[in-house]
Amino acid sequence: MRRSLPGHPWRVLSAAAAGVLAVPLAGFLAGPQPASAAQAGCEPVTQQAAADLFDAELPDRLQHDQVPGAVVSVVSGGATVFSNGYGTADIEGGAAFSPASSMVRIASITKLFTWTAVMQQVEAGRLDLDTDVNEYLSTFQIPATYPEPVTLRTLMSHTAGFEDWIIGTAARSAEDVPPLGEYLAANVPARIRPPGEVSAYSNFGAALAGHIVADVSGEPYDQYIQRHILDPLGMGHSTAAEPVPPALAADLAASYDSDVTPPERVPFQFDKLAPDGSISATADDIAAFMAAHLDEEGGGGILAPETMALMHQRSFSADPRLDGYAHGFKEHTFNGHRVLMHDGGWEGFLSALMLVPDCELGVFLSVNGTSAGEGVLEVMDVFFDRFVPEQERQQVPERSASDASTAPAEPAAGFYSPTRRNESTTERLLTLLGPRRLTIDGDGTVHFRSEKWTAAGDGTYQQVDGEEWLSFRTGTEGRRYVITDGPSFELLGPIETLPVNLGVLLAFLVAALSALAVPVAGGWRRVLRRQARRRSLTGTWRLARSLAAGAALLGLVFLGLMLVTVLGDTGDYIYGAPVGFRLLLTLPPLVLAGAAAAVAGTVVGWRGAGASVVARVHQVWLLTGTAALVWFVWQWNLIGWWSV
């Protein structure tokens, strides 16, 4: 399934499990040597030098992380200087990885093709980066939640302000994939912050841009990409179509859940948001795409030189001193060099594409196992340390009109959530499960994401023993942000923090467990035949007691089952919420109904109930505890199957 990619851009995921031995292939496909020497401050990349590095580094790392295989390509000076496959592309069939023929699913790297298509249509005069996207939408509209409109520029910089979601974004068959426009119209996400305030990665935004390209060009998205990007670049072994066309299907590499033993093959997943991740391509074909984007003077044959240069300019940064976005490319500073990159994960594939314009260098790496950890992924660190030697950090372009207008702020301690989050569905619960705590020492040192950050004196903070930076910003409505060279984070309010919610749940659990006293007490009275006392209790009071206890115990069952669900295997949720999960969400409304009826019965039957003081106090405690649970499920959108 699709994954968010924190930290170093090529460190897509980290895991450890079993897999198969990866063995380097005997040969590799290499293009001509670069005609000129590498740029000043960059080491020349030759076929032999790249082969020596990857042949020495990748096989052992694949074996250590138990990943079936990998494929890599390197572009330097406008030519493919190295490409090779390592290990196995198909465990069952025994096919070795080939950079020329093994197709991998590049996932979110597809977005770079979508953004390139947007720039082609800007160049053609059919689109404008700063026009309200509603001007281009004919069958549905983006709600005007804020005065500022959503534009293509904000879509490309992931600053449109959309919430994110995963459930139901994939399908098992082509028949289960609705037309792109219909799916987008039926699943417009909530706008949870003003456009241009801060970046929050959005798959919907990329799909919306691809849909707009298809509409204004009159060509379906996959056909447009084929005709206007893949064919002109000679990418004959690549496609944006799902499923992969029959002529190419046999060359599609398999991917594996290699976190289990033996590795399990991940079936082909259809992307309902196709422009965000549908492309399958070979490493050699991706090399052609990288070479085109490194050819700023010629536009690579797919864009005019001035359009290509514009695309590579910074389009957004919440802090101009930190990395931002360049019309869809994520900026990253490595060894002082500005890198334009994107990565992605889909099925069991993990991939990264990185361009270093000042070195005329590009590198692509893809692996086909989920267990790729620091061992495999750090080979990119080794590559950059070898061929992109350290220099003083490049001068950051001055803030443009499209940069964020958020004001600098002092650091604020508390719990922070990634700005890529959900607000309106059950997936909001993930905000509670994954906060990052930020603390501040007396000397001003910031502790965040398991790292120390020291003040640089200009409002920025540098990572101790690292080269990443962060700063603090205040947005609209008092929102507080941590801005990093990677993702951004938003300060959570007290009621959204884990400690407060754990306290609420603890109060409920104590009350719910005490509810067992109600049926136990009733049974004890029957055993002792204390019918006289029982007859003194009114029917209304006994019913209210039973309803309160029942609601609390039902809530306890719900929490237990929800915990099992969250901690279990949720991989299939990408196809949609299972029936069992939807049925589970019917329990909170029953709890709410039972508690409401218990409250009414308690109020009506309070006088003359014949109940002891202890019973009355316990009834109030039961209802208070159940109210705490009701608040929790309301807070995290867990009331009813319609919340999915």
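The values are calculated or read from the model by the stated rules, or taken from the named source; none is laboratory data. Because the structure is predicted, anything quoted here is derived from the model rather than measured. Cβ: placed from backbone, ideal geometry, glycine included. Neighbour counts: every protein chain shown. Areas reflect the complete protein model, heavy atoms only, side chains present, ligands, DNA and RNA absent. Shrake-Rupley method; radii C 1.70, N 1.55, O 1.52, S 1.80 Å.
Checking each residue in the range 121-157 for being among the small types (G, A, S) and under 17 Å from S315 (Cα atoms) picks out only S157.
For the subset of the range 131-146 comprising residues that are part of a loop (DSSP other than H, G, I, E, B) and either free of Cβ contacts under 8 Å to residues at least 24 places away in the same chain or in contact with a Pro (Cβ under 6 Å, 6 or more places away or on another chain) (or both), which member is surrounded by the most Cβ atoms within 10 Å (Cβ to Cβ)?
Looking at residues that are part of a loop (DSSP other than H, G, I, E, B) and either free of Cβ contacts under 8 Å to residues at least 24 places away in the same chain or in contact with a Pro (Cβ under 6 Å, 6 or more places away or on another chain) (or both), I get Y146.
Among the residues of the range 167-191, the ones that are out of contact with any strand residue (DSSP E or B) (no Cβ under 8 Å at 6 or more places or on another chain) and open to solvent by less than 30 Å² (accessible area, probe 1.4 Å) come to 4 in all.
Listed here are the strands (runs of 3 or more DSSP E) enclosed by the range 455-495 that have at least 1 residues being modelled with pLDDT of 95 or more and under 24 Å from the mean Cα position of the chain (by Cα): 469-474, 480-484, 489-491.
Taking Q120, is it modelled with pLDDT of 50 or more, in a helix (DSSP H, G or I) and open to solvent by 60 Å² or more (accessible area, probe 1.4 Å)?
no
Scanning the range 335-355 for residues that are more than 21 Å from the chain's Cα centre (by Cα) and open to solvent by 10 Å² or more (accessible area, probe 1.4 Å) yields N335, R338.
Taking each residue of the range 209-220 that is farther than 15 Å from T110 by Cα and looking for partners that are part of a loop (DSSP other than H, G, I, E, B) and open to solvent by less than 20 Å² (accessible area, probe 1.4 Å) with beta-carbon atoms closer than 8 Å, six or more apart or interchain, yields I212/L127; I212/L137; D215/L137; V216/L127.
Report yes if L112 is open to solvent by less than 40 Å² (accessible area, probe 1.4 Å), out of contact with any helix residue (DSSP H, G or I) (no Cβ under 6 Å at 6 or more places or on another chain) and of a type in the set (A, V, I, L, M), otherwise no. Yes: the conditions hold for L112.
Summed over the range 197-227, residues that are surrounded by 18 or more Cβ atoms within 10 Å (Cβ to Cβ), in a helix (DSSP H, G or I) and of a type in the set (V, I, T) total 3. Scanning the range 300-318 for residues that are open to solvent by less than 10 Å² (accessible area, probe 1.4 Å), on the phi > 0 side of the Ramachandran plot and either basic (K, R) or touching a residue at least 24 places away in the same chain (Cβ under 8 Å) (or both) turns up nothing. Just one of the listed residues (P194, P149) is open to solvent by less than 50 Å² (accessible area, probe 1.4 Å) and either among the small types (G, A, S) or assigned to a loop (DSSP other than H, G, I, E, B) (or both), namely P194.
Considering only residues that are of a type in the set (V, I, T) and closer than 16 Å to S317 by Cα, look in the range 469-510 and name the one that is surrounded by the fewest Cβ atoms within 10 Å (Cβ to Cβ).
Only one residue tops the list, namely T474.
When D251, D271, D257, D276 are checked against the criterion of being farther than 23 Å from Y575 by Cα and of a type outside the set (V, I, T), a single residue qualifies: D251. Residues in the range 228-282 that are assigned to a loop (DSSP other than H, G, I, E, B), in contact (Cβ under 8 Å) with a residue 60 or more places away in the chain and hydrophobic (A, V, I, L, M, F, W, C): L233, A240, V244, A253, A254, V260, F268, L273, I279.
Results for (1) modelled with pLDDT of 50 or more; (2) surrounded by 21 or more Cβ atoms within 10 Å (Cβ to Cβ); (3) polar (S, T, N, Q); (4) more than 33 Å from the chain's Cα centre (by Cα), shown as yes or no for each residue.
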| site | (1), (2), (3), (4) |
| --- | --- |
| T46 | yes, no, yes, yes |
| A49 | yes, no, no, yes |
| Q63 | yes, no, yes, no |
| V72 | yes, yes, no, no |
| Y86 | yes, yes, no, no |
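Of all the criteria given as (1) touching an Asp or Glu at 6+ places or on another chain (Cβ under 6 Å); (2) of a type in the set (D, E, K, R); (3) closer than 23 Å to L340 by Cα, the one not satisfied by E264 is (3).
For the range 319-334, residues that are small (G, A, S) and either open to solvent by 10 Å² or more (accessible area, probe 1.4 Å) or out of contact with any Asp or Glu (no Cβ under 8 Å at 6 or more places or on another chain) (or both) total 2. Quickly run through the range 91-108 and pick out the residues that are in a helix (DSSP H, G or I) and of a type in the set (A, V, I, L, M). Scanning the range 91-108 gives a single hit, A107. For the range 308-390, the strands (runs of 3 or more DSSP E) that sit wholly inside it and include 1 or more residues that are of a type in the set (A, V, I, L, M) are 337-346, 349-356, 361-367.
Does V244 satisfy the criteria of being farther than 26 Å from I166 by Cα and of a type in the set (V, I, T)?
When the stated conditions are applied, V244 does not pass them.
Any chance you could count how many residues in the range 434-452 are within 15 Å of Y481 (Cα to Cα) and hydroxyl-bearing (S, T, Y)? Final tally of qualifying residues: 1.
The residues on offer are P305, P320, and the sole one that is more than 16 Å from M380 (Cβ to Cβ) and modelled with pLDDT of 95 or more is P305. Restricting attention to the range 602-627, the residues that are buried (at least 19 other Cβ atoms within 10 Å of the Cβ), of a type in the set (G, A, S) and within 30 Å of L433 (Cβ to Cβ) add up to 1.
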